[in-house]
Amino acid sequence: MKRARFHLYGPLRDFLPREQRHGIVELAFRGPQTVKHLVESLGVPHPEVARIEVQGRGPVSWKHLVEDGETVHVYPYRPGEAWPFPHPPRFVADGHLGRLTAYLRLMGFDTLYNAAWEDPQLAHLAAAEERILLTRDQGLLKRNQVRFGYWLRALRPEEQLREVVRYFQLQRWVQPFRRCAKCNTPLEEVAKEQVAHRLPEYIRLHHHHFRHCPQCQRVYWAGSHVTRLQALFQRVLDEAAQG
Ligand SMILES: [Zn+2]
């Protein structure tokens, strides 16, 4: 039996059982085992790991075979570090994240979502289109194909938005109300005459500027829901900027 000690830092500790949240775990294992296999056996999906260092030998790759007695340091991404993620970030969200998807699109982020997509499709899309996979499913993030990804800690969509904006430091790319919440298509300015027949009377009387989605034809205007969303986005952005 071989033994190795793992030090996990920052948000990577969220994957450990409560009694191990201090971040130091000793593992016993047999045979040749890669550091990827052992780290993921602790619950940590590889896309959240920025780098791994073995004490005495410096950074190692995921294929490193862990030796008896080694101490392995596992580091998360830190906001502001040089990240390998696509810029501006593009996302694909799992089928439980409909509200988060709408928020991200309304902030201007290209986000794919389809409640019918299964894990293999989600992993394939993330890899093929260099998208960041957002999910509540840790197992999905552990698929080898997935390069960029994040496990949502929170259950409430507003909290999830806060997490994503802070983790990926999205504030520099935000373009509010430029993308369709329903289908992800960039919105276009449209003259009132062109959409007037599709508006409720009150809206027709009180609003003069409209955008519409050329794909699904949905019409957007700066109503009270937009005011509420602007307030939410501002709160989330202010918090992210504070680190
Ligand atoms: Zn649309």
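The values are calculated or read from the model by the stated rules, or taken from the named source; none is laboratory data. Everything numeric in this text was worked out from a predicted model, so none of it was measured. Here Cβ is always computed from backbone atoms with ideal geometry, including for glycine, and neighbour counts include all displayed protein chains.
Annotation: Ser224 fulfils all but one of (1) surrounded by 12 or more Cβ atoms within 10 Å (Cβ to Cβ); (2) over 26 Å from the mean Cα position of the chain (by Cα); (3) not aliphatic (A, V, I, L, M); the unmet one is (1). Free of Cβ contacts under 8 Å to residues at least 24 places away in the same chain, away from the ligand (no atom under 14 Å from the Cβ) and assigned by TED's automatic domain parsing to the domain that holds Arg131 - does that describe any residue in region 158-169? Looking for residues that are free of Cβ contacts under 8 Å to residues at least 24 places away in the same chain, away from the ligand (no atom under 14 Å from the Cβ) and assigned by TED's automatic domain parsing to the domain that holds Arg131, one finds at least one in region 158-169, hence yes.
With respect to the conditions (1) in a helix (DSSP H, G or I); (2) exposed (fewer than 14 other Cβ atoms within 10 Å of the Cβ), Leu12 lacks only one, and its number is (2). Among the residues of region 166-189, just one is aliphatic (A, V, I, L, M) and at pLDDT below 95, namely Leu170. Of all residues assigned to region 109-130, at least one qualifies as being over 30 Å from Lys36 (Cβ atoms) and of a type outside the set (Asp, Glu). Mind listing just one residue for me: the one in region 172-197 that is part of a helix (DSSP H, G or I) and surrounded by fewer than 16 Cβ atoms within 10 Å (Cβ to Cβ) and, of those, farthest from the ligand (Cβ to nearest atom)? Only one residue tops the list, namely Arg172. Take the conditions more than 13 Å from the ligand (Cβ to nearest atom), part of a helix (DSSP H, G or I) and more than 22 Å from Leu112 (Cα to Cα) and apply them to His208. Does it pass? No: the conditions fail for His208.
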